[in-house]
Amino acid sequence: HQAEPDSLRTPIVAVLGHVDHGKTSLLDKIRGSAVHEGEAGAITQHIGSTAVPLEVISDIAGELVNPDDFDLPGLLFIDTPGHHSFSTLRSRGGALADIAILVVDVNDGFQPQTHEAMDILARTSTPFIVAANKIDTVPGWNPEQNRPSKVAIESQSERVQSDLNDSLYEIIGQLSSKDISADMYWRVQDFQKNVGVVPLSAETGEGVPDLLTVLMGLSQRYMKDEMEIDTAGPAAGTVLEVKDTQGFGTTIDTVIYDGTIREDDTIVVGSKPEPIVTDVRALLQPKPLAEIRADEEFEQVPEVVAAEGVKVAAPDLDDAMAGAPVRVVGDRELDDVLDIVRKEL
Ligand code: GTP
Ligand code: MG
């Protein structure tokens, strides 16, 4: 099989930031589901993924995103619970995210996990934008659901605008003390040189249209080439989580970022001391727009094409590791694929 790109995959967007700064709420707002309410306590225990098709993005972003201007199929969001699992994931599994949203509570500013997230992004050279969240909590804020940022800000009293500006410039100052030149996103000309800050509220949805517009625009403009994949090739992916699934024993939640994985495929999964070689027994997928973590009603599918989150059931997965690579062997030599996986660990 000759590897030739034939399709554009969905960019993978990691959502990072300090505890309680609103990562899950932001995704909830975007997908309009109530995963957040179903979570035990306020702390997210796991990592999940959510595919949002271009049409949905366009619906939320309104006139800001015209689907005709884009040929990327949408965005695949990865929620993260905080620092530890994510750095493990990143350092072991390599660059899974194509782009990231760094969520910062405008009132709380930079906190330890914000710094840690920035270090991860710098280390992996992942481009990011800053979501300055919870603008609705500025005292005196006058909310109106789902408005674009600038409209929302300009309709506030001068006092509110000035308070918000102080907080936003504090965030921009924090970024600049890390040698990152940032500005309000509407003033950024070149997103490769400057980080855009999007003021928003995951509660009222104000600024969410802007965030999706910037993400879509950035992906389309700077990442299109990297999104070209050979859909017919053997799948490559990363393990997000290893867990028991009723009726299937130990399974792995994975994000597939290249090629296709099918039932009965032989796969190599990263593990210590040696990678696991096994055959796919079942591919379980959440329903469209559902959070992989919260939806226990998986449907069995014959194949999955990148980029998608999928739960893989197979024998012998007990020693699989979160963050480890997954590869379909396909028509390659097993030894060659084993070498690829060993190198990535
Ligand atoms: P971890 O997963 O624990 O790291 O937290 P998180 O970043 O996912 O935060 P989460 O979305 O769980 O939000 C924490 C709290 O902040 C919840 O009570 C949310 O309702 C609240 N919250 C999040 N975003 C906003 C916002 O824009 N405005 C207001 N008023 N509250 C918000
Ligand atoms: Mg969360």
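Which members of the range 302-323 meet the condition of being closer than 17 Å to I261 by Cα and surrounded by 20 or more Cβ atoms within 10 Å (Cβ to Cβ)? Write out each step before concluding.
The initial filter retains those residues of the range 302-323 that are closer than 17 Å to I261 by Cα, namely 302-315, 317.
Residues satisfying the conditions are V304, A306, A307, E308, G309, V310, K311, V312, A313, A314, L317.
Has the range 324-337 got at least one residue that is among the basic types (K, R), in a strand (DSSP E or B) and either surrounded by fewer than 17 Cβ atoms within 10 Å (Cβ to Cβ) or at pLDDT 95 or above (or both)?
yes
Quick grid of which residues meet (1) surrounded by fewer than 23 Cβ atoms within 10 Å (Cβ to Cβ); (2) polar (S, T, N, Q):
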residue: D98; (1), (2): no, no
residue: G109; (1), (2): yes, no
residue: Q113; (1), (2): yes, yes
residue: D119; (1), (2): yes, no
residue: S125; (1), (2): yes, yes
residue: T137; (1), (2): yes, yes
residue: R147; (1), (2): yes, no
residue: V151; (1), (2): yes, no
Next item on the list: Kindly state which strands (runs of 3 or more DSSP E) lie completely within the range 68-138 and contain at least 3 residues that are modelled with pLDDT under 90.
Entry: 74-79
Next item on the list: Write out, first by first residue and then by second, each pair whose Cβ atoms fall under 8 Å of each other, whose residues are 6+ apart or on separate chains, and whose first residue, in the range 136-155, is at positive phi while the second is among the polar types (S, T, N, Q).
Entry: G140/Q156; G140/S157; N146/T204
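Quick grid of which residues meet (1) part of a loop (DSSP other than H, G, I, E, B); (2) in contact (Cβ under 8 Å) with a residue 24 or more places away in the chain; (3) more than 16 Å from ligand 1 (Cβ to nearest atom); (4) more than 21 Å from the chain's Cα centre (by Cα):
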site: I171; (1), (2), (3), (4): no, yes, no, yes
site: V198; (1), (2), (3), (4): no, yes, no, no
site: T213; (1), (2), (3), (4): no, yes, yes, no
site: M216; (1), (2), (3), (4): no, yes, yes, no
Next item on the list: Taking A61 as meeting all but one of (1) modelled with pLDDT of 80 or more; (2) within 16 Å of ligand 1 (Cβ to nearest atom); (3) not in a loop (DSSP other than H, G, I, E, B), write down the number of the exception.
Entry: (2)
Note to self: Taking the criterion of being touching a His at 6+ places or on another chain (Cβ under 8 Å) and at pLDDT below 95, would at least one residue in the range 271-292 satisfy it?
What the structure shows: no
Item checked: All positions within the range 223-243 that are farther than 19 Å from V268 by Cα and either small (G, A, S) or surrounded by fewer than 15 Cβ atoms within 10 Å (Cβ to Cβ) (or both) -> K224, D225, E226, E228
Notebook entry, point to check: Among D318, D331, D335, D339, which is within 14 Å of D264 (Cα to Cα) and out of contact with any helix residue (DSSP H, G or I) (no Cβ under 7 Å at 6 or more places or on another chain)?
Noted result: D331
Checklist line | Check on E299, crowded, with 17+ Cβ neighbours inside 10 Å and either modelled with pLDDT of 90 or more or closer than 28 Å to V13 by Cβ (or both) | finding: no
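The values are calculated or read from the model by the stated rules, or taken from the named source; none is laboratory data. In this text the structure is predicted, and so the values were computed from the model without any measurement. Using ideal geometry, Cβ is built from the backbone for each residue, glycine included, and neighbour counts are taken over all protein chains shown.
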